[in-house]
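The structure appears below as structure tokens.
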Amino acid sequence: QVQLVESGGGLVQPGGSLRLSCAASGIMVSIYDMNWYRQAPGKQRDWIATISSDGTMNYVDSVKGRFTISRDNAKNTVYLQMNSLKPEDTAVYYCNTLLKMHGYWGQGTQVTVSS
């Protein structure tokens, strides 16, 4: 079965950086669109980035120029490099993919941006 396991979250000061990882099993990240979402306290879960099977990357406007999505096919892992972090980036970050009309989610990793 498909499993997605996020890691790399933590507490960081404003302006700092973190790299999140999403280790996948049961699918090959190279042939499926892979997404990152985030959910802030009391808010809905929002899409923030996608890396498509052809390597195209798309971002929500609020993270453009600060976040970079990538993948390592050999490790079957997707990454989210987050730079210039802001307090409003505080959220639980989730990895996601869609397979045969079914959405798969990881357990999430907490990112807290605070001084």
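Compute the separation of the alpha-carbon centres of region 34-108 and region 1-26 and state it in Å as a whole number. After rounding, the separation between the Cα centres reads 9 Å. Under the convention that each Lys and Arg Cβ holds +1 and each Asp and Glu Cβ holds -1, the size of the dipole of the chain around its Cα centre is about 80 debye. Counting only lysines at least 8 places from Lys43 when in the same chain, those with an alpha carbon closer than 30 Å to its own are Lys64, Lys86, Lys100. Spin-label model, Ser25 to His102: label points 7 Å out along the Cα-to-beta-carbon direction sit 1.7 nm apart. Are there trypsin sites (Lys or Arg not before Pro) in region 49-115 that DSSP marks as loop and that have at most 12 other Cβ atoms within 10 Å, and which are they? Those that pass, being in a loop and sparsely packed, are Lys64, Lys75, Lys100. What the Cβ-Cβ distance of Thr112 and Ser70 gives, at R0 = 25 Å and to the nearest 0.05, is a FRET efficiency of 0.60.
Compute the Cα gyration tensor for the chain, then decide on rounded, prolate or oblate, letting a ≥ b ≥ c be the square roots of its eigenvalues: rounded whenever a/c is under 1.5, prolate when a/b is larger than b/c in the other cases, and oblate in all that remain.
Prolate shape, in that a/c is at least 1.5 and a/b is the bigger ratio.
GNM on the chain, alpha-carbon springs under 10 angstrom: the most fluctuating residue among Asp46, Asp33, Asp61 is Asp61.
No value in this document is a laboratory result; all are computed from the given coordinates. Please read these numbers as outputs of a predicted model, since none were measured by experiment. Here Cβ is always computed from backbone atoms with ideal geometry, including for glycine, and neighbour counts include all displayed protein chains.
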